[in-house]
Amino acid sequence: MSIAAGTGPAGLHPHPNSVEAPPTLSPSAERLRDRFARSPLSEKVAVLDLDLPTVEVSPADWPTVARFLRDDPECRYDLFLDLAGVDNAKRPGRPTRFEAVVHLHSLSRDEHVRAKVLLPDGAEPRLPSVIDVWPAANWFEREAYDLFGFDFPGHPNQRRLLCHDAFVGHPLRKDYSPGQRWFFAEEDLRMPAWAVHTEERAGHFETQTISIGPSHPATHGIIHLVARLDGERITRAETQIGYMHRCFEKMSETHTWNQVIPFCDRLNYVSAMINGVGYVRTVEKMLGIEVPDRGRLVRTILSEFSRIMDHCVNIGTNLVDIGGLTNFWYLYQPRESIYGLIEACCGARLTVSYVRVGGLAIDVPEDFVPRCRALIESIPRFVDDVERLVTRNKIVRNRLSGTGVVTKEQAIGWGFTGPMLRSTGVAYDVRRSRPYDFYDRFDWDIPISSDGDNFARYLVRMEEIRQSLAIIRQALDIFPASGPVNSDDWHVVLPPKDAVYHDMESLIFHFKLIMEGIRVPRGERYDWIEGANGELGFYAISEGGAGPYRLKPRPPCFPMMAAFEDMIVGGGISDAIATLGTLNIIAGELER
Amino acid sequence: MPLFGKGKTLPVRDPAAAGGPADFFTTRLEAMVAWARSNSLWPLPFATACCGIEFMSVVSSHYDLSRFGAEVVRFSPRQADLLIVAGTVVDKLAPALRKIYDQMPEPKWVISMGVCASSGGFYRAYHVTQGIDEIVPVDVYVPGCPPTPEELMYGILELQRKIRSGEKSRDSRSAAAGEGSRFAWSPGERTPPPGKP
């Protein structure tokens, strides 16, 4: 089979999107198609040109293609970003009912790619595990097993990840009722097999298996760590999550496009604004609308303030965990000032729900710019003080330096992004690699470190606070004093209230938007921005309905938490606590 | 009977006026104990989600919960008498929450902070407990998503008022009425299997 536009893998139906595919390919898709045509895999894959170059493959060929995508010098997709299951039961025209959609990034070529594994109908959905290609696939595959019932032969630990152990069925399948709950009792909790059947080696001075969490002051939310200790040294560990799995993805399928925004804000609730921006940008791309400069700058400024808050919370709580309470209380002051600014803009402090598809809920208050300027003048003092207290503090250095070390290769293999990846020496930042909004017009640096330990992460975050301040300062310089914040596409954004009262057409637009919501054209889109703890992506599928057909966030802290159980083995139990703090785990985003 | 009635002065004798050292006032023991208890609540923050971040705001420097005598945050249920459930509780966590509640010594109170804890909030979903009162008895529900710090403080003040007025906690009341099993999280209530789709 040739790799012409519009044909699927051998034996599968033509791709429905191919009809609308443009005759000319994007350069990256063209290159990928060309590369596959020259390879022995040419019969096995179809390269499509959607919003991203997309490789369609059958499960049997998936491991070979995966290895090719990672190792081929012209591909080098080394960063495993996300695996999203899709149930096409109510999506006519797709060749198979189930497909696994994988997003990859190439650090050397700075490019994303999508791989779709089409799981044939008529049998249990099954595709080989690719843990040996990308270790990051581990938890993503467990999640797909849990929520979709995909079977991954070769996965070493295929059990439920998010749902509890007494759960029956796979909730993200389209035939699962969103409200169907299952009773779970304490005795239903399944521990890792190795923790249940312990074979203590003779000669150990003291070996024991302990549970930390689910409710423990150091677990940052609700996380359950099972660790086997030899004295104080961890010899084996496994993290159990799902204690905060509140069904974001199922909920987004039962709500309209704009109603999903509050759910998004509760993903990473420490920097809620960034999540909303990431989501609405995806939808705006699908709709093909542009937000005016003023609206985009407000989003940029508040996102950067949110990033500062996120880093303040992370540094503060991390220091609390290792015994220093002062900084946490002290860093609360700038946070409260930022909360004040956000509250003045939208009326909420934490979970803002400020963005809308096409712009913002309301315009910023009149004193927005002076308020921001006052804030960026006051924040450096707090950062400097904390730096003086902490950076050369001997206790902090002893606890953080050399603990939780991650090498560059490990970080890439585990799928790290954000400060965790940058602390190992990889300067990957979405704001620089694929500048969105105005980030290409600002002068700012990507802080990196080569140590990869806990202290390096602390330093990177401290410097990112300063860089965010620099970005806000430049954004304020070009901030238009007046102008619209919303797109003027009344199919998407509510018309001004005045016009609704005096103009029939506006009234109709208002009515249609309120009663029916936004209609997003059929198609799929992966769009990504830089969240506070890494690449935050949203993979959205629209079938033209009132809400998303499928919405899968790419949670930045998910792969980091997945790697945690490997990171801490060999270290002391107290180092594990310090390491957990620097990962910046947000339960809402981790377990969604 | 409240300890300090509104507009009343303390019945303490002024030593100078009375010319003697006999300073005393009369009250009931329960009122005295309730007054002391209400002003020395030791909260256990069962913080799971966004509300936990707002709870941090409430106890930290800016809002400073210690002004109301409830700042000795304890992470061990054995040392706490007020359980503040801040955030969504999902079915996987429900047994843990019940266990923590059972480990707290009497008398104990529960504040449900935010709509997720109170009713499941807008997560009407397959894995979310639709209100923690499925699992533990709740004394004060604080609405909001998340509640502002002022709202949580009001909730704590309301609880203090309840304690001072001698009202028993929900737990003691249900035990006295013989409905202790009402809140017990028993395996008898398994959800029936779903019908054919």
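The values are calculated or read from the model by the stated rules, or taken from the named source; none is laboratory data. Here the structure is a predicted model, which is why all the values come from computation and not from measurement. Note that each Cβ is placed from the backbone with ideal geometry, even for glycine, and that neighbours are counted across all protein chains shown.
When the criteria are applied in full, A:Arg519 fails the requirement of being more than 21 Å from A:Gly359 (Cα to Cα) and within 26 Å of the chain's Cα centre (by Cα).
Considering the stretch B:98-151 alone, what residues qualify as being among the basic types (Lys, Arg) and within 11 Å of chain A (Cβ to nearest Cβ)?
B:Arg98, B:Lys99, B:Arg124
Scan the stretch A:150-175 for residues that are of a type in the set (Gly, Ala, Ser) and either away from every other protein chain (no Cβ under 14 Å) or not in a loop (DSSP other than H, G, I, E, B) (or both) and the total you get is 1. Does the stretch A:247-257 contain any residue that is away from chain B (no Cβ under 14 Å) and under 24 Å from the mean Cα position of the chain (by Cα)? Taking every residue of the stretch A:247-257 in turn, at least one turns out to be away from chain B (no Cβ under 14 Å) and under 24 Å from the mean Cα position of the chain (by Cα). Checked against (1) buried (at least 24 other Cβ atoms within 10 Å of the Cβ); (2) farther than 23 Å from A:Tyr439 by Cα; (3) of a type in the set (A, V, I, L, M, F, W, C), A:Phe382 passes all but condition (1). Residue count for the stretch A:332-358 satisfying the condition of being touching a helix residue (DSSP H, G or I) at 6+ places or on another chain (Cβ under 6 Å) and more than 9 Å from chain B (Cβ to nearest Cβ): 9.
Taken together, the residues in the stretch A:394-427 that are touching a residue at least 24 places away in the same chain (Cβ under 8 Å) and in a helix (DSSP H, G or I) amount to 15. Taking the stretch A:433-481 as the range and being without any contact (Cβ under 8 Å) to a residue 40 or more places away in the chain and either in contact with a strand residue (DSSP E or B) (Cβ under 8 Å, 6 or more places away or on another chain) or charged (D, E, K, R) (or both) as the test, the residues that pass are A:Asp440, A:Arg441, A:Asp443, A:Asp445, A:Glu463, A:Asp477.
In the stretch B:38-59, the qualifying residues are those that are more than 19 Å from A:Ala348 (Cα to Cα) and facing chain A (nearest Cβ under 8 Å), and the one that is surrounded by the fewest Cβ atoms within 10 Å (Cβ to Cβ) is B:Ala47. Out of all the residues in the stretch A:480-516, which are aliphatic (A, V, I, L, M), part of a loop (DSSP other than H, G, I, E, B) and surrounded by 11 or more Cβ atoms within 10 Å (Cβ to Cβ)? If the condition is that a residue be aliphatic (A, V, I, L, M), part of a loop (DSSP other than H, G, I, E, B) and surrounded by 11 or more Cβ atoms within 10 Å (Cβ to Cβ), then A:Val485, A:Val492, A:Val493, A:Leu494 are the ones that fit.
Has the stretch B:78-97 got any residue that is in a strand (DSSP E or B) and facing chain A (nearest Cβ under 9 Å)? Yes - at least one qualifying residue is present in the stretch B:78-97. Residues in the stretch A:421-437 that are among the hydroxyl-bearing types (Ser, Thr, Tyr) and either surrounded by 21 or more Cβ atoms within 10 Å (Cβ to Cβ) or in contact with a helix residue (DSSP H, G or I) (Cβ under 8 Å, 6 or more places away or on another chain) (or both): A:Ser423, A:Thr424, A:Tyr428, A:Tyr436.
What are the pairs with Cβ atoms under 9 angstrom where one residue, in the stretch A:519-538, is free of Cβ contacts under 8 Å to residues at least 60 places away in the same chain and the other, located anywhere, is part of a strand (DSSP E or B)? Sequence gap at least six, or different chains. Within 9 Å, the pairs are A:Arg519/A:Ser542; A:Arg522/A:Ile541; A:Arg522/A:Ser542.
On the stretch given as the stretch A:237-246, residues that are at the interface with chain B (Cβ under 7 Å from one of its Cβ atoms) and of a type outside the set (Ser, Thr, Tyr) total 4.
Going by the structure shown, is A:Phe184 facing another protein chain (nearest Cβ under 8 Å) and either in contact with a Leu (Cβ under 6 Å, 6 or more places away or on another chain) or farther than 18 Å from A:Glu249 by Cα (or both)? For A:Phe184, the condition - facing another protein chain (nearest Cβ under 8 Å) and either in contact with a Leu (Cβ under 6 Å, 6 or more places away or on another chain) or farther than 18 Å from A:Glu249 by Cα (or both) - is met.
Being away from chain B (no Cβ under 12 Å) and not in a helix (DSSP H, G or I) narrows it down to one residue among A:Glu290, A:Glu304, A:Glu284; which is it?
One residue alone meets the criteria, A:Glu290.
Taken over the stretch A:338-361, the criterion of being surrounded by 19 or more Cβ atoms within 10 Å (Cβ to Cβ), modelled with pLDDT of 90 or more, within 27 Å of B:Glu71 (Cα to Cα) and of a type outside the set (A, V, I, L, M) is satisfied by A:Tyr339 alone. Only residues that are facing chain B (nearest Cβ under 8 Å) and either touching a residue at least 40 places away in the same chain (Cβ under 8 Å) or over 23 Å from A:Asp310 (Cβ atoms) (or both): list them for the stretch A:258-268, please. Hits for the stretch A:258-268 are A:Pro262, A:Arg266.
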